[in-house]
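The values are calculated or read from the model by the stated rules, or taken from the named source; none is laboratory data. All values reported here derive from a predicted model rather than from experimental measurement. Positions of Cβ are backbone-derived with ideal geometry, glycine not excepted, and every protein chain shown enters the neighbour counts. Surface areas here come from the heavy atoms of the whole protein model, side chains and all, with no ligands, DNA or RNA. Shrake-Rupley method; radii C 1.70, N 1.55, O 1.52, S 1.80 Å.
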Amino acid sequence: MDQFLFFLVAFLAVSSAVYFVFAKNPLYAILSLIVTMFSIAGMYILLNAQFLAIIQIIVYAGAIMVLFLYILMMLNLNKEDESKKGNTLKFVGVFTAGLLLIGVLGVFRGVQQNHIVVENVDRGVGLTKNLGRLLFNEYVLPFELASILILAGIVGAVLIGKKDL
C-alpha cells in the first residue's frame, strides 16, 4: 500500500513539474508548481517526516508561491512580451536539459541492483516530538541564538525600509 501511494504521489509530482516547465500561461505554471510542492510534502509524510511536510506546505506552497502569484500579477505579462525573447534562452534550456540527462544517465549507470532488507527500522525518527525534544534540551542555546539573529534581521529590515523614524 505504501509503495502504491509513493508511486501515485511521485507521478503527481513529476507530471505537475513537467506541466510547470511546458505551460504557456504563467498562472497555470505557478499553480502546477504549488501542486508539485504539495506532492513533495506527501512524500515527506510517507517517509514519516511530518515536520518537514508541514514546513514544505507552509514555507514553499504557502509563502513563496503566494509571492510568485503576487509578482506575476504585478508584472502583468502579455503575449506580446513572449515574442521578444530570443532563441538563446531556448538553446540554453536545451543545453542544460542535456547536461541534466547526462548526469541522470551517469547516476543510473553507477547504481547496482542490490536490495537491502531492513529489519529494525526506528519509526520515530522523523517525528516532531523527537525534534522538539532535541531542540529544547540539547540544542536550546543555538536555537535561541538563531531566533535572536532572525529577530535582529527583521528589526533591521523594518528600520531600513522605514523612511520616517
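Structure summary
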quantity: Accessible-area composition of region 1-78, carbon plus sulfur, in percent [1.4 Å probe]; calculated: 79 percent
quantity: Sites V14 and V155 - FRET efficiency at Förster radius 45 Å, r taken between beta-carbons, to 0.05; calculated: 0.60
quantity: Taking N as its residue count, the alpha carbon Rg of region 1-69 over 2.2 N^0.38 Å; calculated: 1.12
quantity: FRET E, pair F143, I45, Förster distance 30 Å, beta-carbon r, rounded to 0.05; calculated: 0.75
quantity: Most to least packed among 55-68, 142-155 [average Cβ atoms within 10 Å]; calculated: 55-68, 142-155
